[in-house]
Amino acid sequence: MSERISRLGFPVKVMGKPDLKSNDARRPANNPHLKVSLDYIDRILDYCGRNDVGLYRMSSDIAPYATHPDMPQFHSMVRESEAELAAVGAKAKALGIRLSFHPSQFIVLNSPDAGLVSRSVWDLSSQAEMLDLMGLGPEAVLVIHVGGVYGDVLASRERWARTWETLPEPVRRRLVLEHDDLRFSAADTLWLHARTGVRLVFDHQHFWCLNPEGLDLRETVS
């Protein structure tokens, strides 16, 4: 059998089987829990295995309200789900399925608002902890964008780099930075990589939408 050199995958919703839920979306009064989401993911892994899907991006909401500042009753659910996380991680590895997260647009590490940055780091730390408890390798990542421009691209890049230096080790180990189609180009993320060492992911469509520096495609990805 030849070695797999690429993986086909998809994010969150299983379009080929709409009855498969991706996360426990119940409201707080109904006590949603990560364990319920993990049961859904277990079934999605079965679907991926049957259909030779090698990559699945989990919903960033699989641990509902786990970092909500006003709902401490949910803050312990990740630790309460250690056994279930380990089982899902083992199943993904056995099936050869790569798992990842793409945290929401509300995760902003370069905001001038220190409170928003702090909440963003808390969310990233929770998701990194889940990947660690799944026992997954460095290929299981947290993909984020640089954030907002706030009227000054260079200053916003610099704020991102300074925040990187304060991130907890599990977050730095899992974090991957992606350029976008409106604000920060591949050149911007390459600058941040040179400054911080953060790993990068390349988005072909975003590159064609935003490349003001006129970078060459082949040289950019090499």
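Here the chain is scanned for GluC sites (Glu not before Pro) in DSSP loops (not H, G, I, E, B) that have at most 13 other Cβ atoms within 10 Å, and the longest stretch holding none of them is 4-138. Largest mean-square fluctuation among Gly89, Gly115, Gly135, in a Gaussian network model of the chain whose springs join Cα atoms under 10 Å apart, belongs to Gly115.
Taking only Cα atoms, what is the 0 to 90° angle, nearest 10, from helix 186-196's long axis to the longest principal axis of the chain? It is inclined by approximately 80 degrees. In this structure the amide hydrogen of Leu175, modeled in the peptide plane, comes within under 5 Å of the amide hydrogens of Leu142, none closer than 5 places in sequence on its chain. Our coupling estimate for the range 92-100, obtained by passing each phi through the Karplus curve with A = 6.51, B = -1.76, C = 1.60 and θ = phi - 60°, is 4, 5, 5, 8, x, 9, 8, 10, 7 Hz, Gly and Pro reported as x. Taking 22 Å as R0, compute the FRET efficiency from the Cβ-Cβ separation of Val221 and Leu8 and round it to 0.05. Given R0 = 22 Å and the Cβ-Cβ separation, E is 0.70.
For the chain, the fraction of 1.4 Å probe accessible surface lying on carbon and sulfur atoms is 53 percent. Summarising the label geometry, the points placed 7 Å from Cα in the beta-carbon direction at Arg162 and Asp132 lie 2.7 nm from one another. Overall size of the range 1-128 from C-alpha positions, given as principal axis extents largest first: 51, 34, 26 Å. For His68, no residue whose modelled amide H falls within less than 5 Å of its own remains once neighbours fewer than 5 places apart on the same chain are excluded.
Database remark: amide H of Arg98 closer than 5 angstrom to the amide H of Leu55, Tyr56 (H placed geometrically; neighbours at sequence offset of 5 or more, or on other chains; Pro and chain starts carry no H).
For the chain, modelled as a GNM whose springs connect Cα atoms under 10 angstrom apart, the maximal fluctuation among Pro64, Pro212, Pro103 occurs at Pro212. For an R0 of 30 angstrom, estimate the FRET efficiency from the Cβ-Cβ distance between Met71 and Leu200 and round to the nearest 0.05. My answer for the efficiency is 0.30. Ignoring the sites themselves, the chain has its longest run without trypsin sites (Lys or Arg not before Pro) in a DSSP loop having at most 16 other Cβ atoms within 10 Å at 27-182.
For the chain, the solvent-accessible area of protein heavy atoms averages 53 Å² per residue (probe radius 1.4 Å; ligands and nucleic acids excluded). Running a GNM on the chain with Cα contacts under 10 Å, which residue among Val153, Val108, Val117 ends up with the highest mean-square fluctuation? Between Val153, Val108, Val117, it is Val153 that shows the largest mean-square fluctuation. Counting only alpha carbon atoms, the long axis of helix 153-164 and the longest principal axis of the chain meet at about 50°. Legend: residues Ser59, Ser6, sorted from most to least accessible area (1.4 Å probe; ligands, DNA and RNA excluded), read Ser6, Ser59. I'd like the orientation of helix 34-50 relative to the chain: the angle between its Cα long axis and the longest Cα principal axis, in ° from 0 to 90, rounded to 10. Between the helix axis and the principal axis of the chain, the angle is about 80 degrees. Among the chymotrypsin sites (Phe, Trp or Tyr not before Pro) in the range 105-185, those placed in a DSSP loop whose Cβ has at most 12 other Cβ atoms within 10 Å are Phe106.
The values are calculated or read from the model by the stated rules, or taken from the named source; none is laboratory data. No experiment lies behind these values; they were computed from the predicted model shown. All Cβ positions, glycine included, derive from the backbone under ideal geometry; neighbour counts span all protein chains shown. Accessible surface areas use protein heavy atoms only, side chains included; no ligands, DNA or RNA. Shrake-Rupley method; radii C 1.70, N 1.55, O 1.52, S 1.80 Å.
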